[in-house]
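Below is one structure, written out as structure tokens, with a few remarks after it.
The values are calculated or read from the model by the stated rules, or taken from the named source; none is laboratory data. For clarity, every value in this text was computed on a predicted model and none was experimentally measured. Glycine gets a Cβ as well: all are built from the backbone with ideal geometry, and neighbour counts include every protein chain shown.
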Amino acid sequence: MAITILAIESSCDDTSAAIVREGVVLSNVLASQEVHRDYGGVVPEIASRAHQIHIVPVVDQALRKAGIRPDEVHAVAFTKGPGLIGSLLVGVSFAKAFALSLDIPLIEVHHLQAHVLAHFAEDPKPSFPFLCLTVSGGHTQIQIVRDYLDMEVIGRTIDDAAGEAFDKTGKMLNLEYPAGPVIDRLAAQGAARFEFPEPQIPGLDFSFSGLKTSILYFLKKQVQESPEFIEQNLCDICASVQARIVSILMKKLLLAARTTGIKDIALAGGVAANSGLRMALDQEGKRQGWNTYIPRLEYCTDNAAMIGIAGYYKFQKGDFSTQEAAPVARWEP
Ligand code: KG4
Ligand code: ZN
């Protein structure tokens with residue numbers, strides 16, 4: 001039997017469904033919610049309502065694209081958390097109803113574990129054990145990945161996530177939400193000539209709140225002296241902020257590689273789409289003799305394919321959920 005899984009992701013503002021057969025992605029459909037741009041961030045209530053509108057057509061399209069009938073699906077994998085509870089609730093309820101109607105099992109998936117397993121969507125795949133720097137809008141952590149479902153978090157942010165640092169800087173600069181991709185694009189045309197301080201956090205943990213404050217005070221002071229400062233220096237400010245965020249991430253990744261002796265190094269999560277970070281990993285990898293792995297953009301940002309891959313490995317272990325399954329906003333893996 002070729003195990004066929006319908007996967008649902010709805011933890012934040014993207015509704016996604018995928019069909020994964022024997023660990024191979026047959027379809028991966030995504031509906032993004034543009035509406036949050038007007039508010040400068042995700043509005044949970046609006047996100048939840050938009051998921052309700054998108055979920056049925058997105059699942060329908062995922063089945064059609066894969067050429068799979070509903071009765072050919074063996075299990076439904078869904079994101080249980082962490083995430084926005086109202087958003088998760090839509091995906092979990094849909095998954096439960098779909099599974100109940102076909103009398104097939106449910107598989108609950110941890111969103112961050114799934115980001116790591118996005119590496120198994122395509123070749124080249126990392127070999128175990130590897131280190132994964134998972135950087136998204138809500139999380140920043142380094143995991144030792146010993147097996148598909150055996151991961152240990154060895155470093156995490158003590159305050160903001162790296163994606164938040166991008167998005168909050170964007171708000172200060174009056175950029176569109178999410179600001180990560182915008183800053184990335186503008187940074188490519190600028191020079192990192194403004195120096196922002198590096199946090200002094202011991203060990204493998206991260207901190208981004210001090211950086212956020214220093215950017216705010218820097219901009220306030222410069223704008224007081226010259227009201228046109230931001231408009232005139234936008235690309236250089238973006239390049240400087242991006243360079244500092246990337247250097248904070250790379251410093252800890254280097255330390256993690258040194259302390260564990262692991263040379264297979266991977267990036268995951270939405271911020272892994274950042275060209276500065278991708279380039280920095282590539283260059284450091286060449287210097288250190290690492291094998292580096294970065295998923296294609298489609299598999300870095302939120303997507304259901306990664307949920308389906310996690311679901312596939314859980315299916316093999318017989319790790320099923322029940323109709324009692326409920327979403328969780330926070331979830332330590
Ligand atoms: O993993 P993801 O899609 O959703 C969460 O689970 O949070 O990550 C979204 C985050 C946002 O903060 C967004 O600004 C950031 O990823 N992001 C980027 C880039 N593309 C997305 N940050 C920097 N550079 C990018 N190119
Ligand atoms: Zn994510």
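At-a-glance table
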read-out: In the stretch 185-232, residue farthest from residue 276 (Cα to Cα) [restricted to those that are small (Gly, Ala, Ser) and either free of Cβ contacts under 8 Å to residues at least 40 places away in the same chain or touching a Phe, Trp or Tyr at 6+ places or on another chain (Cβ under 7 Å) (or both)]; value: 226
read-out: Every residue from the stretch 83-98 that is in a helix (DSSP H, G or I) and not aliphatic (A, V, I, L, M); value: 86, 87, 91, 93, 94, 96, 98
read-out: Filter result (more than 16 Å from ligand 1 (Cβ to nearest atom) and either in a strand (DSSP E or B) or under 24 Å from residue 331 (Cα atoms) (or both)) within the stretch 18-47; value: 19, 20, 21, 24, 25, 26, 27, 45, 46
read-out: Unique residue being assigned to a strand (DSSP E or B), more than 14 Å from ligand 1 (Cβ to nearest atom), surrounded by 21 or more Cβ atoms within 10 Å (Cβ to Cβ) and of a type in the set (Val, Ile, Thr) when the list is 154, 142; value: 142
read-out: Residues satisfying the stated conditions in the stretch 54-75, i.e. surrounded by fewer than 17 Cβ atoms within 10 Å (Cβ to Cβ) and either at pLDDT below 95 or among the small types (Gly, Ala, Ser) (or both); value: 67
read-out: Residue in the stretch 198-207 that is within 24 Å of residue 156 (Cβ to Cβ), hydroxyl-bearing (Ser, Thr, Tyr) and part of a helix (DSSP H, G or I) present; value: no
read-out: Looking only at the stretch 107-124, and only at residues there that are away from ligand 1 (no atom under 13 Å from the Cβ) and within 19 Å of residue 264 (Cα to Cα), the one that is surrounded by the fewest Cβ atoms within 10 Å (Cβ to Cβ); value: 123
read-out: Qualifying residues in the stretch 250-294 (those that are among the small types (Gly, Ala, Ser), in contact (Cβ under 8 Å) with a residue 24 or more places away in the chain and over 22 Å from residue 164 (Cβ atoms)) - the one nearest to ligand 2 (Cβ to nearest atom); value: 257
read-out: Search result, residues across the stretch 185-197 that are among the aliphatic types (A, V, I, L, M), surrounded by 18 or more Cβ atoms within 10 Å (Cβ to Cβ) and in a loop (DSSP other than H, G, I, E, B); value: 192
read-out: Within the stretch 5-22, considering residues that are within 16 Å of ligand 2 (Cβ to nearest atom) and not small (Gly, Ala, Ser), the one surrounded by the fewest Cβ atoms within 10 Å (Cβ to Cβ); value: 14
read-out: Any hit, the stretch 208-227, residues being among the small types (Gly, Ala, Ser), within 16 Å of ligand 1 (Cβ to nearest atom), more than 19 Å from residue 41 (Cα to Cα) and in the same structural domain as residue 137 (by TED's automatic domain parsing); value: no
read-out: The listed residue being in contact with a Ser or Thr (Cβ under 6 Å, 6 or more places away or on another chain) and not hydroxyl-bearing (Ser, Thr, Tyr), out of 197, 178, 227; value: 197
read-out: Given (1) under 30 Å from residue 241 (Cα atoms); (2) among the basic types (Lys, Arg); (3) modelled with pLDDT of 95 or more, number of the condition residue 330 does not satisfy; value: (3)
read-out: Count of residues meeting criterion [over 13 Å from residue 124 (Cβ atoms), surrounded by fewer than 24 Cβ atoms within 10 Å (Cβ to Cβ) and touching a His at 6+ places or on another chain (Cβ under 7 Å)] in the stretch 290-309; value: 0
read-out: Single unsatisfied condition, residue 81 versus (1) small (Gly, Ala, Ser); (2) within 15 Å of ligand 1 (Cβ to nearest atom); (3) at pLDDT below 95; value: (3)
